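The values are calculated or read from the model by the stated rules, or taken from the named source; none is laboratory data. Since the structure is predicted, the reported quantities are computational estimates derived from the model, not experimental observations. Here the Cβ positions follow ideal geometry from the backbone for every residue, glycine too, while neighbour counts run over all protein chains shown.
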Amino acid sequence: MHEDSHQDEWSLETLAIRAGHHRTFEQEHSEPIFPTSSFVYESAAEAARKFGGKEPGNVYSRFTNPTVHTFERRLAAL
């Protein structure tokens, strides 16, 4: 993923709509939306670590998902 290196030069208005976006190899213009409610894990142990907060990662879209992470980074940049 790629984050814009000019972010520190952006105006407040630009930060409000662009900060925190990490482009994937697809080079999308805005962050993709993840229309899923659950995520896949390699093992039950990995799922337990993530659900228990011992390992970072998405567990359930109502709590965390890539779109929420972008929003959090954007809000923090303001």
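Mind telling me which of the residues 42, 31 ends up being at pLDDT 75 or above, farther than 15 Å from residue 65 by Cβ and part of a loop (DSSP other than H, G, I, E, B)? Write out each step before concluding.
Details: 31 fails: farther than 15 Å from residue 65 by Cβ.
Among 42, 31, only 42 is at pLDDT 75 or above, farther than 15 Å from residue 65 by Cβ and part of a loop (DSSP other than H, G, I, E, B).
Anything in the range 18-28 that is assigned to a loop (DSSP other than H, G, I, E, B) and not aromatic (Phe, Trp, Tyr)? List them, or say none. Break it down stepwise before answering.
First, the residues of the range 18-28 that are assigned to a loop (DSSP other than H, G, I, E, B): 19-21, 24-28.
If the condition is that a residue be assigned to a loop (DSSP other than H, G, I, E, B) and not aromatic (Phe, Trp, Tyr), then 19, 20, 21, 24, 26, 27, 28 are the ones that fit.
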Is there any pair with a first residue in the range 45-61 that is among the aromatic types (Phe, Trp, Tyr) and a second that is at pLDDT below 95 and surrounded by 12 or more Cβ atoms within 10 Å (Cβ to Cβ) whose Cβ atoms are under 8 Å apart and which are 6 or more apart or on different chains, and what are they?
51/59; 60/39
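So which residues in the range 9-41 are touching a Ser or Thr at 6+ places or on another chain (Cβ under 7 Å) and surrounded by fewer than 11 Cβ atoms within 10 Å (Cβ to Cβ), if there are any at all? Break it down into steps so the answer makes sense when it comes.
Applying the first criterion (touching a Ser or Thr at 6+ places or on another chain (Cβ under 7 Å)) to the range 9-41 yields 20-21, 31, 33-34, 36-37.
Selection gives 33, 37.
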